[in-house]
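The next block holds one structure in the form of structure tokens; read it before the comments.
The values are calculated or read from the model by the stated rules, or taken from the named source; none is laboratory data. Keep in mind that this is a model prediction, so the values were computed, not measured. Don't worry about glycine lacking a Cβ; one is built from the backbone with ideal geometry, like all the others, and counts go over all protein chains shown.
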């Protein structure tokens, strides 16, 4: 299983939110580029970067910084937040980003996904952002009545190669991942699933590996010193 540290960026700084609430922001690092280099040296599998300004505004805001980070490390970078056009996907991929994370735009128009998958199938991850078993979008500011299970099954049929499952109610809370929701998803789709939200301990890592998660995105637990990254990597691998 992959260990994937998260860098969430607002105004060029590394922050964490609680349950996606932009009013509950805590700055942890003013230099995301340096942080990415440290994690690379520790042996992580990839780094998950979210342009939170972009997620809120619907267009990339911290793109230049993200591409700088991408070019300063040799491990894969995946990027989400405000990616809602083929042009932006192309700019990130051509700039060295390994994978782009799509959410809201696919919810708006699932048909557009077919074209993008035909060009960048191996580079696209779909984010399943879930609140009370339903998909949420637009920086987690708008909930829908769409079942995350039915949505995932439909997108899998279109050729999606990877999902990220985030339980919004657990994100940034250090309360543990939503193992029930994750296991349900892993059981019904064949597409690999990366876990996100609430991961806080080595025990969480072990249990995620047991249920078959492909990876674990870890944020606040690393910044708060709750989880030893080297130890997590050993157990995950």
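One table, with the values for the structure above:
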{"read-out": "Test: residue 209 is in a helix (DSSP H, G or I), more than 20 Å from residue 156 (Cβ to Cβ), under 19 Å from the mean Cα position of the chain (by Cα) and in contact (Cβ under 8 Å) with a residue 40 or more places away in the chain", "value": "yes"}
{"read-out": "Some residue of the stretch 151-158 being within 22 Å of residue 100 (Cα to Cα), in contact with a helix residue (DSSP H, G or I) (Cβ under 7 Å, 6 or more places away or on another chain) and not in a helix (DSSP H, G or I)", "value": "yes"}
{"read-out": "Condition met for residue 83 (touching a residue at least 12 places away in the same chain (Cβ under 8 Å), part of a loop (DSSP other than H, G, I, E, B) and surrounded by 18 or more Cβ atoms within 10 Å (Cβ to Cβ))", "value": "yes"}
{"read-out": "Odd one out for residue 172, checked against (1) under 16 Å from residue 48 (Cβ atoms); (2) assigned to a helix (DSSP H, G or I); (3) modelled with pLDDT under 95", "value": "(2)"}
{"read-out": "Given (1) closer than 29 Å to residue 232 by Cα; (2) touching a residue at least 40 places away in the same chain (Cβ under 8 Å); (3) surrounded by fewer than 18 Cβ atoms within 10 Å (Cβ to Cβ), number of the condition residue 159 does not satisfy", "value": "(1)"}
{"read-out": "Residue within the stretch 35-48 that is crowded, with 16+ Cβ neighbours inside 10 Å, over 14 Å from the mean Cα position of the chain (by Cα) and over 24 Å from residue 202 (Cα atoms) present", "value": "no"}
{"read-out": "Number of the exception - residue 53 against (1) out of contact with any helix residue (DSSP H, G or I) (no Cβ under 9 Å at 6 or more places or on another chain); (2) farther than 21 Å from residue 122 by Cα; (3) touching a residue at least 60 places away in the same chain (Cβ under 8 Å)", "value": "(3)"}
{"read-out": "Filter pass, residue 182 being within 16 Å of the chain's Cα centre (by Cα), in contact (Cβ under 8 Å) with a residue 12 or more places away in the chain and either under 14 Å from residue 129 (Cβ atoms) or not in a helix (DSSP H, G or I) (or both)", "value": "yes"}
{"read-out": "Selected residue (criterion: surrounded by the fewest Cβ atoms within 10 Å (Cβ to Cβ)) from residues of the stretch 185-204 that are within 16 Å of residue 155 (Cα to Cα) and out of contact with any strand residue (DSSP E or B) (no Cβ under 8 Å at 6 or more places or on another chain)", "value": "190"}
